[in-house]
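Chemist: Just dropping this structure here.
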């Protein structure tokens, strides 16, 4: 009976060790603690809105609006969309315009064809980029607030 109690106390310290393998996984780049993943076998066409961080490993065509959250295009991700998010990280391929409230990063494996509007832009060595970059903080804030209404026509002078 004494040995049984001793074995139970030895098992208690091992319980936290069982939880450590999950903690050893690389943490997603997220401030909210919750990241949704679009897997590599998923193809999505249309407008994507969300209130949490998003990792795209599949194919997305359309527009992505994440307001105050992070967007990551994984190495397998193939995106043909305009993206609006707090931070945008491209590790895969993206064709479209990027509007980051805080930062846009194109990693060494990233390939972007489009325009970037963000106060901070990081292009890692090996990244592929074709387009323009606007690092005006005011432009980034206004560009990240897309409107569903078309822009008013400009006045024509005679």
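Derivation of every value follows stated rules applied to the coordinates shown; laboratory data play no part. A quick note: this is a predicted structure, and the numbers were derived from the prediction, not measured. All Cβ positions, even for glycine, are placed from backbone atoms using ideal geometry, and neighbour counts span all protein chains on display.
Chemist: May I ask you to derive the relative contact order of the stretch 78-121, considering only C-alpha pairs under 8 Å and at least 6 residues apart, and to give it as an integer percent?
Modeler: With pairs under 8 Å counted, the relative contact order is 37 percent.
Chemist: Can you put 121, 112 in order of Cβ neighbours within 10 angstrom, beginning with the fewest?
Modeler: 121, 112
Chemist: List the relative contact order of the stretch 35-143 as a percent without decimals, with contacts defined as Cα pairs under 8 Å and 6+ residues apart.
Modeler: Relative contact order, the stretch 35-143: 16 percent.
Chemist: Oh, and also: Obtain the radius of gyration and the Kirkwood radius of the stretch 35-143 from its C-alpha atoms and give Rg over Rh.
Modeler: Radius of gyration relative to Kirkwood radius: 0.93.
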